Amino acid sequence: MNAEQLVRRGVLAIAFAGLLAASAYAQSQDPTPQQQDLQKDKKDIRNDRKDLANDRADRHADQLDINHDKRDLNKDRAERNSDQRDINHDRRDLNKDRVDRNADQRDINRDKAQLARDDKKYGVSSAQAQSDRKDLRADRVDRNKDQRDINHDRTDLNKDRADRRADQRGVNQDKKDLSKDRKDRNQDQKDINKDKRDLHKDRRDLHHDKRGH
């Protein structure tokens, strides 16, 4: 074999090696469809895990909101019921004071009539007339005291009614908040269930692609 043949063979070998290297480089630069599927499956799985974690965090936050709303609702209901008891108590006091005031007014009217009779019968300065005037003053004091109690009971009643209305508004708002948070929590649970199904499907696809089917 002469030198020229050796050189020719050497050039051919180098050229062939270059082709192999170029082919390997091209393969490393351009992944096969199977490698692309594997990469996509892994990316989908990462995204599924991220979505699942986010939805679980949302569901947990919604559950905390629900628990808070329940506490607020129970507190507002207790306050509303307490206000209703105060209202009932104020009504009883008001009715009692009105009865007392009316009784005092009847006593005043009776004392006035008795005083007029005694003035006419015994004279203005008589002991009977003086006693009637004393009774009349006492009854007027009682009547005025009962009227003050009535005014005070009305003020309390109006205040307790305002408190009860405010508490009822709080109860209604708490119910709305609770309903909304439950709806959000249920939606998050649906999202979690969907994320689990997606994750399971993407894992199955990854396993399928790894097997090369």
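Local charge for Asp202 was computed over the other residues whose Cβ lies under 13 Å away, with Lys and Arg +1 and Asp and Glu -1, and equals +4. In region 31-210, Cα pairs under 8 Å separated by at least six residues give a relative contact order of 48 percent.
Over all distinct Cα-Cα pairs of region 105-195, the Kirkwood formula returns a hydrodynamic radius of 18.8 Å.
The stretch between Val124 and Asn47, if pulled fully straight at 0.36 nm per residue, gains 17.2 nm over its current Cα-Cα span. Each label was represented as a point 7 Å from its Cα along the Cα-to-Cβ direction; for Lys196 and Asn151 these points are 6.9 nm apart. Using the alpha carbons of region 44-127, what is the convex hull volume per residue in cubic angstrom, as a whole number? Given the Cα convex hull of region 44-127, per-residue volume reads 97 Å³. Among the listed pairs Lys43/Lys183; Lys70/Lys196; Lys75/Lys159; Lys50/Lys190, those whose Cα-Cα separation exceeds 25 Å are Lys43/Lys183; Lys70/Lys196. Taking 0.36 nm per residue of sequence separation and removing the Cα-Cα distance, the Lys70/Ala166 pair yields an extension gain of 32.8 nm. Counting only the Cα atoms, region 31-210 fills a convex hull of 86 Å³ per residue. The stretch between Arg98 and Arg204, if pulled fully straight at 0.36 nm per residue, gains 29.9 nm over its current Cα-Cα span.
None of the figures in this text is laboratory data; all of them are computed from the coordinates on show. Remember, it's a predicted structure, so these values are computed and weren't measured experimentally. A quick note on method: Cβ atoms are made from the backbone with ideal geometry, for glycine too, and the neighbour counts reach across all protein chains shown.
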